[in-house]
Amino acid sequence: MTRRRSSTTVVVVALVVLSGCVGLVETDAGLSGPDSLDGTETRATATQTAAAPTNGSVEVHFVNVGQSVSTLVVGPTNETMLIDSGDFRDDGEHVLDYLQRHNVSRIDHFVVSHADADHIGGNAALVDYYETEADGIGAIYDPGIAASTQTYEDYLDAVERHNVTLYETREGDPLPFEGVDVDVLGPPEPYIENGDRNENSIVLRLGYGATGFLFTGDAEDDQEQSLVDTYGDCLRSTVMKAGHHGSRSSTGDAVLDAASPELVVVSSANDSQYGHPHEEVLERLSNRSVSAYWTATHGDVVLSSDGRNVTVATQRAAPTDPLSIRNGTPIEPGATDPVVPRATVDGTTNSSETTPTATDCGPETPTDGGTDTATATDADALVVDEINADAEGDDRENLNDEYVVFRNAGDDALDLGGWTVEDEAAHTYTFPDGFTLDRNATVTLRTGSGTDTDTDLYWGSGSPIWNNGGDTIIVTTDEGEAVLREEYS
């Protein structure tokens, strides 16, 4: 399993975007088809590009998995993201069946909101299936807080067994998803509430044109308040998943006022032993005239955004008035009824296109693939993605397996020509003149010799550079400005 080494400076998640092969079945709605993980020390730069151009549609599938949660996102280029995998009691059966019925042959991004067994129940089964019988998993994103359960151990064993890339993920880490703006807003750094798993859930906001989708995992009042304090109106979203299955501890007044959703989806069982969704949450939604969709009575809820409007399709017609949702007829998890369109929501009514934000949401993410060269003020976009100081076998005989992977986590291309990389012993490498690293791109600097390419550069050293027991990577611009100092042990 690929893991980033422990670091005292900025390390940002990176991966090659690999598009999954998805052929969603048409419906009447016309919908197309640890061991310890190291953290980061960045603060998130939330983006909200409400007026960004769009091409195609984004689908968000809230799968009916009973007293649990699993959400499939399919981007405009058929890239896929799965958030959570259902409850341990069915071992991911409902989720895997749903993905197979919708011809999802690859999971590009597998987001684990947190390690509770009702969110990771199918992790091991999904990893085993996609790595042996389908087209694999691109990367797994995990908040890095362990659970002392067999379900959690089985999940990690499956990751190790198939060598799936697993990243600890914190606010501000990039999650590049082609055609969709993805902001990782949590968990915060450092963790809050003594590392409580719910309060340190991965929180995502997905933006597509004027529409937005907010996923808060099982975040409760403390993390929700942290989100509001940090991002304010940048949380605005057309759709919000109710936190913690509709528990009274979540989806509070502050986050509802900041996000101002048009509709909320609740994922829990009709006969929930916890009484989810709690009346307090339903009253908060009713007071704000927010429509509520409940997987227990609506079944699978499939939302399709064209960038301005969100079409809502469900398996069953059921009340959406929050105070009346219990009047609907329950539908069993795993039901295969087709979804049928029920409503359309105007996503422009609460976007930043019409509502000024009170906080700095950061720079917008380009949507046209532009490659403007970054200025010196953008130089801190260069981050270390991976350090492999201990080459396989004898380091001296396998110098090209000793390497550092750099990533451009900024919004523009970086001209690295003339920049230098140095270790603690003052060994120095200089990037070739004119070498440019595109946004979201990586380059591997290998210690040995070879022919430089856009993705691999060679130090040309005849002996190892990086100390296996710990060293420091120092990057300096051609003007002598130190922009990166990365220590590992």
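Here are a few things to note about the model shown:
- The average projected area of segment 118-266, computed from the convex hull of its Cα atoms over all directions, is 9.2 nm².
- In terms of Cα atoms, the Rg and Dmax of segment 218-318 work out to 13.4, 38 Å.
- Computed on segment 173-217, with alpha-carbon pairs under 8 angstrom and 6+ residues apart, the relative contact order is 33 percent.
- Proximity of backbone amide H atoms, modeled 1.01 Å from N, is registered between G138 and I107, D108, H109 at under 5 Å, excluding neighbours fewer than 5 places apart on the same chain.
- In this structure segment 152-298 gives 29 Å² per residue of accessible area when probed at 1.4 Å with all protein chains present.
- Whole-Å distance, taken between Cα centres, linking segment 180-213 and segment 306-326: 24
- Segment 145-190: relative contact order as a whole-number percent, Cα under 8 Å and 6+ apart: 27
- Surrounding net charge for E193, when Lys and Arg each add one and Asp and Glu each subtract one, Cβ distance under 9 Å: -4
- Rule-of-thumb Rg ratio for segment 385-464 [Cα; 2.2 N^0.38 Å; N residues]: 1.09
- Carbon plus sulfur fraction of accessible area for segment 170-248, probe 1.4 Å, in percent: 36
- Solvent-accessible area assigned to carbon and sulfur over segment 402-489 amounts to 38 percent, based on a 1.4 Å probe.
- Rounded accessible area of S291 (nearest 10 Å², 1.4 Å probe): 40
- Shown here are the Rg and Dmax of the Cα trace of segment 273-337, at 12.7, 38 Å.
The values are calculated or read from the model by the stated rules, or taken from the named source; none is laboratory data. Note that the structure is predicted; figures quoted are calculated from it, not measured. Neighbour counts run over all protein chains shown; Cβ positions are idealised from the backbone, glycine included. Quick note on the areas: whole protein, heavy atoms, side chains included, nothing else; ligands and nucleic acids left out. Shrake-Rupley method; radii C 1.70, N 1.55, O 1.52, S 1.80 Å.
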